[in-house]
Amino acid sequence: MSSIRTPCWSVILANTGATPAAVIEDAGYLSEENVEACENRGIDPHIATGRQKHGQQPPPLRCPITRNLDVKGRMTRKLRNKKGKEIYARRKTIVETVCSLRCRKVKG
């Protein structure tokens with residue numbers, strides 16, 4: 001299975017000797033392939049589902065939970081529960097590492 005992020009995970013593992021427990025990424029990385037690649041490696045993905053203005057709260061979910069949600073629907077639910085909000089809120093406060101910048105070059 002190939003993924004946009006696979007080269008970055010190799011760099012992270014080589015530099016730290018560990019796989020991250022979770023990742024927080026921009027909407028450009030939201031795909032079934034990337035979510036599955038994370039989960040197969042034991043990484044908990046938190047990937048944006050779209051653009052949102054700084055400080056703007058997403059609208060509450062009012063639809064019933066279904067098992068047939070696509071990757072965007074599942075991620076939307078994940079980011080709006082209490083734990084998901086806490087993790088994703090750190091996205092704007094964490095400085096992007098040199099490794100992340102290097103991974104962007106790998107992506108193209």
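What follows is calculated from the coordinates using simple rules that are stated; it is not laboratory data. Just so you know, these numbers come straight off a predicted model, no measurement behind them. Cβ: placed from backbone, ideal geometry, glycine included. Neighbour counts: every protein chain shown.
Things worth noting here:
- Backbone N under 19 Å from the ARG51 label point (7 Å along Cα→Cβ), restricted to segment 68-94: 92
- In order through segment 18-28: 3J(HN,Hα) via Karplus (6.51 cos²θ - 1.76 cosθ + 1.60), integer Hz, x for Gly, Pro: 9, 9, x, 6, 8, 10, 10, 9, 6, 4, x
- Cut-off under 5 Å, modelled amide H: who pairs with ILE47 long-range: GLU25
- Between ARG77 and VAL11, the simple spin-label model (points 7 angstrom out along Cα→Cβ) gives 3.4 nm.
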